[in-house]
């Protein structure tokens, strides 16, 4: 049972344009959401997070939008740069039994073409 | 500088052997996690721990064991009962929940069964 879903395995955009990465979740108990970027054979790098009490969080070129009613979040990258090419993971967390459980989606490969 | 250190980066194991992957953090984080990554599977949660001497099974705990004797350390043992152990393993930690929710990952450990 996959609680965090990234339904599109890949996305290709032109440099300078907007990249929109989508993520859906099923567990309404999730209260923190995070996006990570990962290069091959490296650990993921944290990008941006959002609490469930907010609907938008912005950090430089990265903006995350949260739609709780739809259980959907998205990451916008504007403008996209070739260095943004990587696999992006969406993650969600919830406190469960006193511990924080963190669950990831399968990832989405973003390619930004020069 | 604070961070998470995983070792070894590459490990070969013979079938029937147990191996232990090390994860150490000097960030004073409470929560620590072990994930496994396989092609097309994203990051799957093996075990997680919120405090010393306590840990919970994740989604794919069978064939693995952990301990949390110290706050800084969360070693993962891949036992001979794990039927398909060849994978990329990632350790992560999270500080106390707050307004800035950031997670740190180690660089990962490649385990190959020969």
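Sort largest first and round to whole Å: the equivalent ellipsoid semi-axes of the range B:1-55, each the square root of five times a Cα gyration tensor eigenvalue.
They are 22, 15, 13 Å, listed from largest to smallest.
If you build a Gaussian network model of chain A, linking Cα atoms that sit under 10 Å apart, which residue out of A:70, A:86, A:41 swings the most?
Sorting by GNM fluctuation, first place goes to A:41.
Fewest to most neighbouring Cβ within 10 Å: what's the order for A:108, B:32, A:29?
Ascending Cβ contact count within 10 Å gives the list A:29, A:108, B:32.
Picking from A:84, A:59, A:24, which is most flexible by a Gaussian network model of chain A using Cα springs under 10 Å?
A:59
Please work out the C-alpha center-to-center distance from the range A:1-43 to the range B:68-92 and express it in whole Å.
25
In percent, what relative contact order does the range B:1-104 have, based on Cα pairs under 8 Å that are 6 or more apart in sequence?
Dividing the mean separation by the residue count of the range B:1-104 yields 30 percent.
Evaluate the relative contact order of chain A (contact order divided by residue number), counting alpha-carbon pairs under 8 angstrom at least 6 apart; express in whole percent.
For chain A, the relative contact order is 36 percent.
For a test of the definition: using alpha carbon positions, the gyration tensor, and the 1.5 limit on a/c, classify chain B as rounded, prolate or oblate.
prolate
Take the Cβ-Cβ distance between residue A:55 and residue B:41 as r, set R0 to 41 Å, and report the resulting FRET efficiency rounded to the nearest 0.05.
Here the calculated transfer efficiency is 0.85.
Top mean-square fluctuation among B:24, B:15, B:72, Gaussian network model of chain B, C-alpha springs under 10 Å?
Highest fluctuation of the listed residues: B:15.
What shape does the protein assembly as shown have by the C-alpha gyration tensor, where a ≥ b ≥ c are the square roots of the eigenvalues, rounded means a/c under 1.5, and otherwise prolate means a/b greater than b/c and oblate the rest?
Prolate.
Let me make sure I get this right: for chain A, a, b and c are the square roots of the gyration tensor eigenvalues over alpha carbons, sorted descending. Under 1.5 in a/c it's rounded, otherwise prolate if a/b > b/c, else oblate. Which is it?
In terms of gyration-tensor shape, prolate.
Mind checking the full-extension length gain between residue B:114 and residue B:9? Use 0.36 nm per residue of separation minus the Cα-Cα distance, one decimal, nm.
That pair, residue B:114 and residue B:9, stretches by 36.2 nm at full extension.
Readers should treat all values here as calculations from the given coordinates under stated rules, not as data from a laboratory. From a predicted model like this one, the values you see are computed outputs, not experimental measurements. Neighbour counts run over all protein chains shown; Cβ positions are idealised from the backbone, glycine included.
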